[in-house]
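Data first, discussion second: the structure below is written as structure tokens.
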Amino acid sequence: MYHRVLPSLPTGLDYVQPGMFVTVETFRRHANLLKKRFEVVSLAEIFSRLHTGKSVAGCCAITFDDGWLDNFSHAFGVLEESNLPATVFLASGFIGSNNCFWPEQLSFHLRQSGINKEGMQGGIYEKLSNEVPPTADEAVYLDNAIMALKNWSPKERDELLASFHASAKSPAPPRLLMNWDEVLTMHQSGLVDFGSHTANHIILDQVPLDMAREEIVHSRDEIEAHLGVPVTLFAYPNGNYNASLRKIVTDSGYIGAVTTKSGWISRNKNLFSLPRIGLHEDVCNTRARFYARLILQKF
Ligand SMILES: [Zn+2]
């Protein structure tokens, strides 16, 4: 399980959460190692084998969550040069828009406005400065800010982002997620297929089941309308699921779903909550750490 693939290590306020990325160099190394050690197949092929009782021994599948633009601009080239299949799970409502997830918006606005600078006083900014102490290290500040905002209500987060947005110093962030042309280009290569990751990247166990169902079904319909092929795979945002959500995904016609729970897959695993192994720069930037991560699912 990957998220973003970046051309170089982010620094300072270019901060990207450590669990969210690998560099292109690391991803290329992983691609070569996976190719050497595994039969790399599509995730749909894994599900097909599991559904028909065939062995998945020695197989692996590469997945990306969310639909980041860098999947197209940086990961796709590596997949093409190594001829490796992958599945990208799209938060379909963000595709083709300039919207991005709130941690990235926060990072952008703080970079634009400067940290602890004038113009960030009163109102909702007061709450931010009360909860996040000033620090010289911009990456540490941003990490603390993201941690603090996780405990804010969505309404408070929206209010802060809207305040940033309204200030002349802070225009709209650049597009960080793919558009439908880019999705279509990857799809037409035959190497990349697409699954659903809800429409609005909703943490499904935090909303009423009706809303969860709408997110699960609408996202699939939207991707199918753009690609003209059935969308059969689902990934739970943030990995949050429960028995009721699993039933909705099953009843909606998907053939399988994946979580963020770490682990290997086997024939006795529930096909609507398969584990994955998260791979990101801070835990697997060398060959030894990559193997340790795959084998032990820790470090
Ligand atoms: Zn996600």
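Each value in this text was obtained by applying a stated rule to the coordinates, not by laboratory testing. Keep in mind that what you see is a predicted model, and the values were worked out from it rather than measured. Don't worry about glycine lacking a Cβ; one is built from the backbone with ideal geometry, like all the others, and counts go over all protein chains shown.
Rounded to the nearest Hz, the phi-derived 3J(HN,Hα) couplings of the stretch 16-26 under the Karplus curve 6.51 cos²θ - 1.76 cosθ + 1.60 (θ = phi - 60°) are 10, 4, x, x, 9, 8, 10, 7, 4, 4, 5, where x marks glycine and proline. Here the 3J(HN,Hα) profile of the stretch 210-220, calculated from phi with Karplus coefficients 6.51, -1.76 and 1.60 at θ = phi - 60°, is 4, 5, 4, 4, 4, 5, 5, 7, 4, 4, 4 Hz, Gly and Pro shown as x.
Where both bridge residues fall in the chain, DSSP classifies roughly 5% of the beta bridges as antiparallel.
Rounded to the nearest 20, the size of the Cβ-charge dipole of the stretch 102-166 about its Cα centre is 100 debye, with Lys and Arg at +1 and Asp and Glu at -1. As a ratio to 2.2 N^0.38 Å, the alpha-carbon radius of gyration computed for the chain takes the value 1.03. Each part reduced to its alpha carbon centroid, the stretch 225-299 and the stretch 1-55 end up 12 Å apart.
What does the highest-first list of 58-66, 256-264 look like by mean Cβ count within 10 Å? It would help to have the intermediate numbers written out before the result.
Values: 58-66: 21.6, 256-264: 19.0.
Most protected by this proxy first, the peptides run 58-66, 256-264.
Label sites at Thr52 and Ser153, each approximated as a point 7 angstrom past Cα along Cα to Cβ, lie 5.2 nm apart. Let me make sure I get this right: for the stretch 102-166, a, b and c are the square roots of the gyration tensor eigenvalues over alpha carbons, sorted descending. Under 1.5 in a/c it's rounded, otherwise prolate if a/b > b/c, else oblate. Which is it? Because its axes are fairly even, with a/c under 1.5, the stretch 102-166 counts as rounded.
Placing unit charges on each Cβ (+1 for Lys and Arg, -1 for Asp and Glu) gives the chain a dipole about its Cα centre, and among Ser8, Trp102, Gly122 the Cα reaching farthest toward its positive end belongs to Ser8. The distance between label points at Val140 and His218 comes to 4.2 nm (points 7 Å beyond Cα on the Cα→Cβ vector). Label sites at Asp205 and Ser262, each approximated as a point 7 angstrom past Cα along Cα to Cβ, lie 1.8 nm apart. Taken about its Cα centre, the chain carries a charge dipole of about 1280 debye when Lys and Arg each add +1 at the Cβ and Asp and Glu each add -1 at the Cβ. The fewest-to-most ranking of Ser219, Ser129, Ser55, Ser42 by surrounding Cβ atoms within 10 Å reads Ser55, Ser129, Ser42, Ser219. In this structure, the amide hydrogen of Lys261, modeled 1.01 Å from its nitrogen in the peptide plane, lies closer than 5 angstrom to those of Arg276, counting only residues at least 5 positions away or on a different chain.
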